[in-house]
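Quick note: the coordinates plus some simple rules give every number you see, no bench work behind them. Because the structure is predicted, anything quoted here is derived from the model rather than measured. Cβ: placed from backbone, ideal geometry, glycine included. Neighbour counts: every protein chain shown.
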Amino acid sequence: MDGITKILYDMSAIALSPATAAFAIAAIGLNVHFGYTGLLNMGQAGFMLIGAYGFAISVMNGLPFWLSVLVAIAASLVFALILGIPTLKLRGDYLAIVTISAAEIIRMVGRSSVLNALTGGSNGITGNSYRDPFNSLSPFPDGQTTILWFTYDNTGVNGWWIRIVGWSLVAIFATFVWLLMRSPWGRVLRGVREDEDAVRSLGKNVFSFKLQSLALGGFLGAMGGVLYILPASLQPDSMGRSMTFFIWTALLLGGAATIFGPVLGSILFFALRIAVQGLAGLFIPSSIMNSQQTEQFSWIMVGVALMLLVIFRPQGVLGNKKELSFNA
Amino acid sequence: MPDLSTNSRAQLAQVEAVPGSSKPDPILTVDNITRRFGGMTAVDVAHVEVQRGVITALIGPNGAGKTTFFNLITGFDKPSSAPKLFGGPSRALAAKWVFNGRNMGNVGASKVAQLGMVRTFQLTKALSKLSVLQNMLLGAKDQAGENFFVALIKPLWIAQEKANTDKALELLERFKLLEKKDDLAGSLSGGQKKLLEMARALMSDPVMIMLDEPMAGVNPALTQSLLGHIQALRDQGTTVLFVEHDMHMVRHISDWVIVMAEGQIVAEGPAETVMSNKAVIDAYLGAHHDTDLGDDSLLDEGVSQTPEKVTKDPKIDQETHS
């Protein structure tokens, strides 16, 4: 296959991958926090991780699939309450500090050897131990299907079933958030984003609205986490701070405070990174940069892109510059 | 309804014009409210009552504690003299304020607004990234669509939303902001933001509206019609308490004037007479504004006063630390 064609193929494949859908859902959740309510949540990966642990451990202990999903949701809501009740009365910056530490606590506790029996310690949990109940829900017959230029197993570890479920969930959650944000409820959140005291003076319980927002975004994060581990394995170290920042990059790239921004942002984030990596591999001689280094290079570019975005285009691709600026 | 306000005003005529005088039908009664910032006592009000259904002005020189007083009453700040579980002031000396028959001691700012005491801010808090109409709609209270689950289903809240929108448009027209309704509030001028904030406060049909310098920055042509609005509000039965520096406005529309200086209420009375009250003139112009500073006897007095003040300050300091 010709080099450029291969890059384009890789880009389209990753755009469709379940990991991208999982990121999109987590970014939709972060968008509820930051885009609409102005909550600086720097620990979205923590919500994902807690959802993932809740789901995987429940399945491994013999709970039915749907009950395990409920456990994941309940875990994220409890986490949101524990985070929110002490911190939401404080100024926004403190929430950032607390959320990033809380996410790290979840990761450190999960990977500690004391909990080896439950969480698998730093090795995490392999996908086979929790994947089967999900795949057994698949209505598709065995075998492979080719649509356009993509050929995947119908069900399998990383096949069409998880892709269809993943992107359907993205559509459902985006609709869900759209329904909420056009309502008076969403209007209060946007008011809170700008000036809590003004909203308070109009008789709205700001704390309650912020807590609801934190819980909703956290729930979406947990769903993203469950989707993220289904085709892969649960590795606590792969769901740490860097993941939070990738979600932020995806959100800001697509445009915060928009419905499709986080979805478009996640797709662009993965596709563009693959493009950078592919093009660097293609055009930079291996004497300067070998294939391992091109991957590192592409991640460095992610960091640079995040900085450039915040400085030059804070509203992202789809956002409204008037509505979103960082000094709010 | 106009009867109520005429009545209330008639009742005021019987009230004695002294600080802390009791009113025949008080909507707000405040006792022992103190707020200290370090060693500085911003507010120290022993007793004040606000008559229902009239326009009361709160005036005083800069730094008199008017805005802090507003913040305390509306739950945006807590009095230093608030009753505490342990320690704190004795029951008789603790801060206590009653609004519309309800003790407001531990009521949060949002609850205060829900109970019908709605305020505006001296530095306007128009939500500049929402449209003017959205700002207005945010002011409406008891919205079903503000419940998370109800919000998901539009038919459940759309009727109320329509009614609120109609009401908002009517208010915007009254405040000459109708043609701006789809603009972001941030694009309004300072004076227009004041108007928007006031209109927004009216969306909730408050029992009592507290306006913090409503006329600052509003152009004179508009001031006249705003005064009319405020009087109309009173005639519909809303109690108005406002802070203002513009004495013409105070004289023109207020039925009662409360004067604050250095955190205390120094005078009260009808607008016509209170302006000539000695305490008020002293507060604004200084006690010696009329005397010749060349007068030697006066200078002596000034010298003898200075040490007295110095000894006073540490005492206040001790109180705050204890």
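Using the crude model of +1 on Lys and Arg Cβ and -1 on Asp and Glu Cβ, and no other charge, please compute the dipole size for segment B:127-187 relative to its Cα centre, in debye to 20. Show your work: numbers first, answer last.
On the way: 9 positive and 9 negative charges, 14 e Å.
It comes to approximately 60 debye.
Taking every residue in B:140-151, how many Cβ atoms of other protein chains lie within 10 Å of its Cβ, on average?
On the way: counts 3, 3, 1, 7, 3, 7, 11, 4, 9, 2, 3, 10.
Other-chain Cβ atoms within 10 Å of each residue's Cβ, averaged: 5.
Measure up B:K66/B:K125; A:K321/B:K167; A:K321/B:K66; A:K89/B:K78 against 27 Å on the Cα-Cα distance and list the ones that go over. Show your work: numbers first, answer last.
On the way: B:K66/B:K125 18 Å; A:K321/B:K167 30 Å; A:K321/B:K66 38 Å; A:K89/B:K78 15 Å.
Flagged as over cut-off: A:K321/B:K167; A:K321/B:K66.
So for segment B:243-284, Kirkwood radius off the Cα pairs, Stokes-Einstein at 25 °C and 0.890 mPa s: how many µm² s⁻¹?
On the way: Rh = 10.3 Å.
For these conditions, the coefficient is 238 µm²/s.
Please average, across the residues of A:178-184, the number of beta carbons from any other chain that are within 10 Å of each residue's own beta carbon, and give a whole number. The partial results should precede the final answer.
Numbers: counts 0, 4, 4, 1, 3, 15, 15.
Across A:178-184, the average partner-chain Cβ count within 10 Å equals 6.
Have a look at A:T20, A:T119, A:T249 and tell me which one the Gaussian network model of chain A (Cα, springs below 10 Å) gives the largest fluctuation.
A:T119
What list of ³J(HN,Hα) couplings, whole Hz, do you get for segment B:34-45 from phi and the Karplus terms 6.51, -1.76, 1.60, once you set θ to phi - 60° and write x for glycine and proline?
10, 9, 10, 10, x, x, 8, 8, 7, 9, 8, 9
Under a Cβ-Cβ cut-off of 14 Å, what is the net charge of the residues other than A:T145 that fall near it, where Lys and Arg count +1 and Asp and Glu count -1? Each step should come with its number before you reach the end.
Values: positive: A:R163; negative: A:D142, A:D153.
So the surrounding residues net to -1.
Only helical DSSP H runs with n ≥ 4 go in: add -39500 (n - 2.57) per run for chain B, normalise by residue count and round the 222 nm mean residue ellipticity to 500 deg cm²/dmol. Intermediate results must be reported in sequence, preceding the final value.
Numbers: 12 runs with 128 residues, N = 322.
Result for chain B: -12000 deg cm²/dmol, rounded to the nearest 500.
Can you give the charge dipole size of the protein assembly as shown about its Cα centre, rounded to the nearest 20 debye, using +1 on the beta carbon of Lys and Arg and -1 on the beta carbon of Asp and Glu? Write down the numbers at each step before the final one.
Values: 51 positive and 52 negative charges, 405 e Å.
Dipole size: approximately 1940 debye.
Which whole-percent values make up P(r) of segment B:127-187 when all C-alpha to C-alpha distances are grouped in 5 Å steps starting at zero?
Percent of pairs per bin, in order: 4, 20, 24, 23, 17, 10, 3, 0.
With Rg and the Kirkwood Rh both taken from Cα atoms, where does Rg over Rh land for segment A:47-190?
Working: Rg = 18.8 Å, Rh = 18.0 Å.
Here Rg/Rh amounts to 1.04.
Which distance in nm do the two modelled labels at B:H289 and A:L148 give, with both placed 7 Å along the Cα-to-Cβ direction?
Placing both labels 7 Å beyond Cα along the Cβ direction yields 7.9 nm.
Calculated from DSSP H runs of 4 or more alone, at -39500 (n - 2.57) each and per residue, what is the 222 nm mean residue ellipticity of chain A, nearest 500? Walk me through the numbers before you get to the answer.
Numbers: 14 runs with 221 residues, N = 328.
Counting only the DSSP helices, I get -22500 deg cm²/dmol.
Neighbouring Cβ atoms within 10 Å as the yardstick, rank A:Y152, A:Y9, A:Y53 fewest first. Mind showing how you got there, number by number?
Working: A:Y152 19, A:Y9 15, A:Y53 30.
If I rank by nearby Cβ atoms, fewest first, I get A:Y9, A:Y152, A:Y53.
For segment B:197-211, what does the Karplus curve 6.51 cos²θ - 1.76 cosθ + 1.60, with θ = phi - 60°, yield as ³J(HN,Hα) per residue in whole Hz, taken in order and with x for Gly and Pro?
Working through the residues one at a time gives 5, 5, 4, 5, 5, 6, 4, 8, 6, x, 6, 9, 10, 10, 9 Hz.
What FRET efficiency, computed as 1/(1 + (r/R0)^6) with R0 = 60 Å and r the Cβ-Cβ distance, is obtained for A:F297 and B:R102, rounded to the nearest 0.05? Mind showing how you got there, number by number?
Details: r = 66 Å, r/R0 = 1.10.
It comes out at approximately 0.35.
So how far, in whole Å, is the C-alpha centre of segment A:157-225 from the one of segment A:41-58?
17 Å
Using DSSP, restrict attention to beta bridges with both residues in the protein assembly as shown and report what percent are antiparallel, rounded to the nearest 5. Present the calculation step by step, with values, prior to reporting the outcome.
Working: 27 of 43 bridges.
Just about 65 percent of them are antiparallel.
Please work out the Cα convex hull volume for the protein assembly as shown and give it in Å³ per residue. Could you put the intermediate results ahead of the total?
Working: hull volume 148.6 nm³, N = 650.
Dividing the Cα hull volume of the protein assembly as shown by its residues yields 229 Å³.
Would you calculate the separation in nanometres between label points at A:Y9 and A:N61, each defined as 7 Å from the Cα along the Cα-to-beta-carbon direction?
The two pseudo-label positions are separated by 4.5 nm.
What's the center-to-center distance, using Cα atoms, between segment A:256-328 and segment B:151-229 in Å?
Each part reduced to its Cα centre gives a spacing of 42 Å.
Over all pairs of distinct alpha carbons, what does the Kirkwood formula give as the hydrodynamic radius of segment A:250-328, in Å?
Numbers: mean 1/r = 0.0747 Å⁻¹.
Answer for segment A:250-328: a Kirkwood hydrodynamic radius of 13.4 Å.
Shielding by partners for A:186-197, please: the mean number of other protein chain Cβ atoms within 10 Å of each residue's Cβ.
So the per-residue partner count for this stretch is 5.
How many Å³ per residue does the convex hull of the Cα positions in chain B occupy? Display every interim value, and only then the final one.
On the way: hull volume 54.1 nm³, N = 322.
Per residue, the Cα convex hull of chain B comes to 168 Å³.
What's the Kirkwood radius of chain A in Å, using all Cα pairs? Could you put the intermediate results ahead of the total?
Numbers: mean 1/r = 0.0489 Å⁻¹.
Every distinct Cα pair counted, the radius reaches 20.4 Å.
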